[in-house]
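Participant: The structure that follows is given in the form of structure tokens.
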Amino acid sequence: MNAVANNEFKILFTGPMGAGKTTAISAISDHEAVSTDVINTDLAQCNKELTTAALDYGQIVLPDNSCVRLYGTPGQERFRFMWPILLNNAAGVIVLLNGEHPELLDHLEHYVDAFGSGKVPMVIGVGRLPADDHSRLESLAMRLEKRGIALPIFDADVRQQDDVLLLVDTLLCLIEADDCRSMEA
Ligand SMILES: Nc1nc2c(ncn2[C@@H]2O[C@H](COP(=O)(O)OP(=O)(O)OP(=O)(O)O)[C@@H](O)[C@H]2O)c(=O)[nH]1
Ligand SMILES: [Mg+2]
């Protein structure tokens, strides 16, 4: 996985159904995000009107004129075949999680493992956390620590542009650090 050439970065948002991938990309994209949302027929898994069938796409141009291409995966397992297609050439991954979900810890491991087990630049954003309750973030960090994985984990409301930009900025810093290490090696 490498940053694409000419100061362009492809980054991928992933995570379970309803975590907010489509919302996050729409919140920060410079142009109207491309969406492939369709009517959600799996209300048992997540009670919302629409769900992504193929991908989300948006882009932002940074002050230094580099372009960040923002892709989002579908959350439903039946569209999992899209994951490797979307991951191809991605410089890093943002995993979004629903902090209220009873399977939060399993979701963390599932997505971290499916997208490189912490070996690719990765940031975790967790939404719907009770105010001032950091215990869930600590539980997530401990679950990764037990496996020797250390990743930045943030409380993030994907409806808030600044929260999403913090995730993207952090990921870009990790990508840059990774590139510097590769050049030194
Ligand atoms: N109340 C509340 N709503 C949130 C929060 N974060 C996300 N949402 C809402 O949760 C929904 C997430 O929907 P999507 O953005 O479609 O989620 P997705 O991850 O793209 O879902 P799939 O494409 O189906 O996998 C949106 O309606 C958001 O407004 C939060 O912290 N609090
Ligand atoms: Mg979506």
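The values are calculated or read from the model by the stated rules, or taken from the named source; none is laboratory data. Worth saying up front: this structure is predicted, and the values here are computed from it rather than measured. In this analysis, Cβ positions are derived from the backbone assuming ideal geometry, glycine residues included, and neighbour counts consider all displayed protein chains.
Participant: Which ones in the stretch 128-138 are in a helix (DSSP H, G or I) and surrounded by 14 or more Cβ atoms within 10 Å (Cβ to Cβ)?
Facilitator: Passing the criteria: ARG136, LEU137.
Participant: Return the pair list, or none, for Cβ contacts closer than 6 Å from residues in the stretch 49-73 that are more than 16 Å from ligand 1 (Cβ to nearest atom) to residues that are basic (Lys, Arg), at least 6 apart or on different chains.
Facilitator: Listed pairs, sorted by first residue: GLN59/ARG69; ARG69/LYS10.
Participant: Yes or no: ASP37 within 16 Å of ligand 2 (Cβ to nearest atom), in contact with a Leu (Cβ under 7 Å, 6 or more places away or on another chain), over 30 Å from ASP178 (Cα atoms) and not hydrophobic (A, V, I, L, M, F, W, C)?
Facilitator: yes
Participant: Further question: Residues of the stretch 16-48 being more than 8 Å from ligand 1 (Cβ to nearest atom) and of a type in the set (D, E, K, R), which ones?
Facilitator: ASP30, GLU32, ASP42, listed by residue number.
Participant: A further question on this structure: Are any residues in the stretch 61-81 of a type outside the set (D, E, K, R) and surrounded by fewer than 17 Cβ atoms within 10 Å (Cβ to Cβ), and if so, which ones?
Facilitator: Listed by number, the residues that qualify are VAL61, LEU62, PRO63, ASN65, SER66, CYS67, PHE81.
Participant: Any residue at all in the stretch 58-70 that's under 21 Å from VAL164 (Cβ atoms) and within 10 Å of ligand 2 (Cβ to nearest atom)?
Facilitator: Within the stretch 58-70, none of the residues are under 21 Å from VAL164 (Cβ atoms) and within 10 Å of ligand 2 (Cβ to nearest atom).
Participant: Looking only at the stretch 126-185, how many residues end up being among the hydroxyl-bearing types (Ser, Thr, Tyr), at pLDDT below 95 and either within 23 Å of ILE11 (Cβ to Cβ) or in contact with an Asp or Glu (Cβ under 7 Å, 6 or more places away or on another chain) (or both)?
Facilitator: 1
Participant: When both residues are 6+ apart or on different chains and their Cβ atoms are under 6 Å apart, which pairs have a first residue that lies in the stretch 104-127 and is crowded, with 24+ Cβ neighbours inside 10 Å, and a second that is in a helix (DSSP H, G or I) and among the β-branched types (Val, Ile, Thr)?
Facilitator: Final answer for the pair search is PRO121/ILE175; VAL123/THR170.
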